[in-house]
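Quick note: the coordinates plus some simple rules give every number you see, no bench work behind them. Note that the structure is a prediction, hence the values are computed from the model and not measured. Note that each Cβ is placed from the backbone with ideal geometry, even for glycine, and that neighbours are counted across all protein chains shown.
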Amino acid sequence: MILAIETSCDDTCAAVTEGGRIRSNVISSQAAAHARFGGVVPEVASRHHLELVNPVIDAALAEAEVELTDLDSLAVTRGPGLIGALLVGVATAKAIAAATRKPLAGVGHLHGHVAANFLEPDPLEPPFLCLIASGGHTLLAAVRGHDGFEILGQTLDDAAGEALDKGARLLELGYPGGPAIERVAVEGDPESFAFPVGMTRDPGLDFSFSGLKTALLYEIRDLDASELDRRRADLAAGYQAAVVGQLTAKLERALGSGEWRAVALGGGVAANSLLRKRTAEIGAERGLRLKLVPDELCTDNAAMIASAARYLEPALYPDYLTWDAVA
Ligand code: KG4
Ligand code: ZN
């Protein structure tokens with residue numbers, strides 16, 4: 001039985017898992033607090049975490065119907081993320097673990113996104129190829145065991161989710177941008193603007209989204225306010241298609257090695273319907289096992305941190321008291 005805490009960005013999360021089964025997975029999203037800034041303001045996030053972390057943990061324990069004394073260990077995201085936000089989770093986890101003399105595992109946030117695929121029901125066993133696309137990261141992970149992964153390629157500039165968030169801001173669609181673009185794109189024609197699908201001529205497995213973002217900026221600059229209103233759905237559809245197009249082009253390239261029998265997604269952008277549909281098609285064409293976790297396990301959550309912790313050796317009291325967060 002593990003209690004996990006995740007506060008790396010703008011979601012305050014706590015979860016209790018028993019083996020690979022989720023007993024509770026509480027997420028308090030701060031999206032509304034950051035919406036008017038068009039993105040996450042780190043200091044605002046830290047202060048909200050400080051207010052929310054104890055009630056969120058209480059809710060996770062209550063929903064799981066467990067007391068602190070029932071836990072075998074605790075787990076916490078140590079990084080990467082916003083340093084002030086991470087510190088709230090790390091300090092809280094250290095305090096609870098120390099007060100109850102329980103072991104504590106420090107988990108890498110990206111390992112958590114990969115480990116969401118190990119949760120019940122239908123846990124995916126390594127080896128598999130996992131595309132992680134979130135607000136902070138975009139990478140292809142070779143997952144050959146439960147305790148880590150190898151990065152095969154990653155973004156050279158913006159993350160896919162960051163590109164969607166910045167694109168949504170240019171399109172005046174609000175924050176978080178990924179879901180906002182997805183909603184509007186349904187009404188649009190993805191072919192009516194020719195956005196560049198970055199890095200496809202690059203022979204490697206790295207990604208780049210900064211050129212795409214600039215392309216959107218220039219398209220919008222050429223439109224007056226009423227034209228922008230009229231073409232917003234087409235712009236959103238084209239922009240989303242270019243982001244997903246690059247992600248799936250690199251995924252296909254990585255699958256071309258022939259090493260993989262299973263493919264999975266992780267990170268907030270993995271909640272995107274177009275990405276899920278295209279990945280399912282790619283998996284079906286190649287006869288691969290496909291794992292698409294539900295949306296609430298794609299975006300940040302603590303169940304995925306508990307899932308990763310199951311395969312790590314936790315530190316014993318008092319060894320973790322010297323731990324710091326890692327930005
Ligand atoms: O994994 P996550 O919750 O936090 C980070 O670790 O960054 O990912 C958040 C990102 C945001 O950029 C958000 O716009 C994007 O995931 N996102 C989506 C969708 N839902 C969240 N992007 C595209 N389509 C979605 N449905
Ligand atoms: Zn994340």
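For this structure, a couple of remarks:
- Ranked packing of 8-16, 67-75, most packed first, by mean Cβ within 10 Å: 8-16, 67-75
- Among 237-246, 251-260, 44-53, the order from most to least packed when residues are scored by Cβ within 10 Å on average: 237-246, 44-53, 251-260
- Two-site FRET efficiency, Glu120 against Ala31, from Cβ-Cβ distance with R₀ of 45 Å, rounded to 0.05: 0.95
- Simple label model, 7 Å out from Cα along Cβ direction - Ile151 to Arg289, nm: 2.7 nm
- Per-residue 3J(HN,Hα) values for the range 134-142, derived from phi via the Karplus relation 6.51 cos²θ - 1.76 cosθ + 1.60 with θ = phi - 60°, read 9, x, x, 9, 9, 7, 9, 10, 8 Hz in sequence order (x marks Gly and Pro).
- For the range 78-124 and the range 1-20, distance of Cα centres in Å: 6 Å
- In sequence order, calculated HN-Hα J values of the range 7-21 (Karplus, 6.51, -1.76, 1.60; Hz; x Gly/Pro): 9, 6, 9, 10, 10, 8, 10, 9, 8, 10, 10, 10, x, x, 9
- Nonlocal amide H pairs with Thr155, under 5 Å, H built at 1.01 Å: Thr138, Phe207
- Protection proxy ranking, highest mean first, for peptides 136-146, 54-64: 136-146, 54-64, where packing is the per-residue count of other beta-carbon atoms within 10 Å, averaged.
- Put simply, the amide H of Ile22, placed in the peptide plane, has neighbours under 5 Å in Glu120, leaving out anything fewer than 5 places away on its chain.
- Close amide-amide hydrogen proximity is noted between Ala75 and Leu3, Ala4, Ile5, Ala105, each under 5 Å apart and 5 or more residues distant or on a separate chain (H modeled in the peptide plane; Pro and chain starts excluded).
- Structural size metrics of the chain, computed from C-alpha coordinates, are Rg and Dmax of 19.9, 63 Å.
- Nonlocal Lys pairs with alpha-carbon distance under 23 Å, the chain (8 or more apart, or different chains): 7
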